[in-house]
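Worksheet for the structure shown next.
The values are calculated or read from the model by the stated rules, or taken from the named source; none is laboratory data. All figures in this text were calculated on a predicted structure; none of them were measured in a lab. Because the Cβ atoms are built from the backbone with ideal geometry, glycine has one as well, and the counts that use them run over all protein chains shown. Side chains are part of the model used for accessible areas, which takes the heavy atoms of the whole protein and leaves out ligands, DNA and RNA. Shrake-Rupley method; radii C 1.70, N 1.55, O 1.52, S 1.80 Å.
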Amino acid sequence: MIHLYSEGQALQMLERCGSDIARICAECGLPPACLKAVLMMELTRMDILDPLADTVVAVNWLGAPLLHPGPDSGNPLQKLDSSTGYGQIFSRVAIEAIRFARERGISCAALLELKPELSPENPEDLRLVWRRLNRDQVFNLSCSALNLLHCAWQMTGRLAFGSYSPQELKLIFTRYNADVKQVTQYGEAAYAWYLRFAA
């Protein structure tokens, strides 16, 4: 597979948005090294099919979005959601992360314009959030950060980034990428990036 960004290019991209990452992480209580770790994982794994998937989703939403009330049909040409942006985050995942953050009183400036109740089952909400994830880098980074918080809660039952063990961090990073209960190669590699950024 042909990857879009090398490690060097991805590091430069993170450096350019470093002030946004720092502000977002300060808002939601997340160490910047954690967000940077998953962003490096996602950016360096993006391949030529990712922009194609985004284009298919964008074209489908330009058609008749409310005529697609259910989840994706499985037909690659009828996709209504895709992992997009620096955090390679799906609209459905972002909505769940936003709902989680709101339930726990976690605020993030990028979310202030959104309506109070979002549902991953509402096609209009999926469309709205996906378009912002795809077009608004700060919104994408914010939702990626909130998703990491949601992953932490799912894997450990608490939000305490200052006290997680290396194993717990690896599980959190793994959960960002996959719905599994054991550490994967992704989680191990993300943890290595975390250590580098935290140094």
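Quick notes on this structure:
- E188 meets all of the listed conditions (1) surrounded by 21 or more Cβ atoms within 10 Å (Cβ to Cβ); (2) in contact with a Lys or Arg (Cβ under 7 Å, 6 or more places away or on another chain) but one, namely (1).
- Among residues of the range 168-185, those that are open to solvent by 40 Å² or more (accessible area, probe 1.4 Å), among the polar types (S, T, N, Q) and either under 11 Å from M40 (Cβ atoms) or under 16 Å from the mean Cα position of the chain (by Cα) (or both), counted: 1
- Looking across the range 24-51, just one residue is open to solvent by less than 10 Å² (accessible area, probe 1.4 Å) and either on the phi > 0 side of the Ramachandran plot or not in a helix (DSSP H, G or I) (or both), and that is L30.
- Evaluation of D54 against the conditions (1) at pLDDT 95 or above; (2) in contact with a strand residue (DSSP E or B) (Cβ under 8 Å, 6 or more places away or on another chain) shows that the sole unmet condition is (1).
- E7 of a type outside the set (S, T, N, Q), free of Cβ contacts under 8 Å to residues at least 40 places away in the same chain, closer than 20 Å to S83 by Cα and surrounded by fewer than 18 Cβ atoms within 10 Å (Cβ to Cβ): yes
- Yes/no for A160 being free of Cβ contacts under 8 Å to residues at least 12 places away in the same chain and open to solvent by less than 40 Å² (accessible area, probe 1.4 Å): yes
- V138 vs. criteria surrounded by fewer than 20 Cβ atoms within 10 Å (Cβ to Cβ), closer than 30 Å to V57 by Cα and hydrophobic (A, V, I, L, M, F, W, C): yes
- Residues being of a type outside the set (A, V, I, L, M, F, W, C) and farther than 12 Å from T156 by Cα - total across the range 170-181: 4
- Hey, L148 on the phi < 0 side of the Ramachandran plot, open to solvent by 40 Å² or more (accessible area, probe 1.4 Å), modelled with pLDDT of 95 or more and among the aliphatic types (A, V, I, L, M) or not: no
Results for (1) in contact with a Lys or Arg (Cβ under 7 Å, 6 or more places away or on another chain); (2) open to solvent by 50 Å² or more (accessible area, probe 1.4 Å); (3) closer than 20 Å to D179 by Cα, shown as yes or no for each residue.
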residue	(1), (2), (3)
A94	no, no, yes
S107	no, yes, no
A110	no, no, no
L118	yes, no, no
